[in-house]
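> Quick one: the structure is below, and I'll ask about it shortly.
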Amino acid sequence: METTEMILNIVHKLPEEKRQEVLDFADFLEKRLAGPLEFRDPEGLWANLNVQITDDDISKARKELWREFPRSKPMPSRQQRMHKARPV
């Protein structure tokens, strides 16, 4: 019996929702065989939406996102970390 026939025999016994899972997995394997996805420029993804994002917009968003970041303990310098890591 060929592999294809074995797969079909098993799939015929499965309930419909499990058949859909098999189909999803087969689709995943097919896409993986096609190779890596090509790189797409992010600006192209929203080109038709007429969105204009400036460096200033990005800077403001960064400041807003990091505003609440806890800064109670200053991070040690590289030299301090290296000194601490050396055995005495």
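The numbers here are math on the coordinates, done by the rules we state, and not lab data. Quick caveat: nothing in here was measured; it's all calculated off a predicted structure. Glycine also receives a Cβ, built like all others from the backbone with ideal geometry; neighbour counts cover every protein chain displayed.
> Listing ASP55, ASP24 from the residue with the fewest other Cβ atoms within 10 Å to the one with the most, what is the order?
Ascending Cβ contact count within 10 Å gives the list ASP55, ASP24.
> Classify the chain: rounded, prolate or oblate, from the alpha-carbon gyration tensor (a ≥ b ≥ c, eigenvalue square roots; a/c under 1.5 rounded; otherwise prolate if a/b is larger than b/c)? Could you put the intermediate results ahead of the total?
Numbers: a/c = 3.22, a/b = 1.74, b/c = 1.85.
The shape class here is oblate.
> List the GluC sites (Glu not before Pro) within the stretch 1-68 that fall in a DSSP loop (any state other than H, G, I, E or B) and whose Cβ has at most 12 other Cβ atoms within 10 Å. Could the numbers behind the result be given before it?
Details: sites: GLU2, GLU5, GLU16, GLU17, GLU21, GLU30, GLU38, GLU43, GLU64, GLU68; in loops: GLU2, GLU38, GLU68.
Passing both the DSSP loop test and the Cβ count: GLU2, GLU38, GLU68.
> The chain: longest stretch without exposed chymotrypsin sites (Phe, Trp or Tyr not before Pro) (DSSP loop, at most 15 other Cβ within 10 Å), sites themselves excluded?
On the way: sites that count: PHE39, TRP46.
Here the longest run is 47-88.
> In whole Hz, what ³J(HN,Hα) sequence does the stretch 21-37 give by Karplus (6.51, -1.76, 1.60; θ = phi - 60°), x for Gly and Pro?
5, 4, 4, 4, 5, 4, 5, 4, 4, 4, 5, 5, 5, 5, x, x, 5
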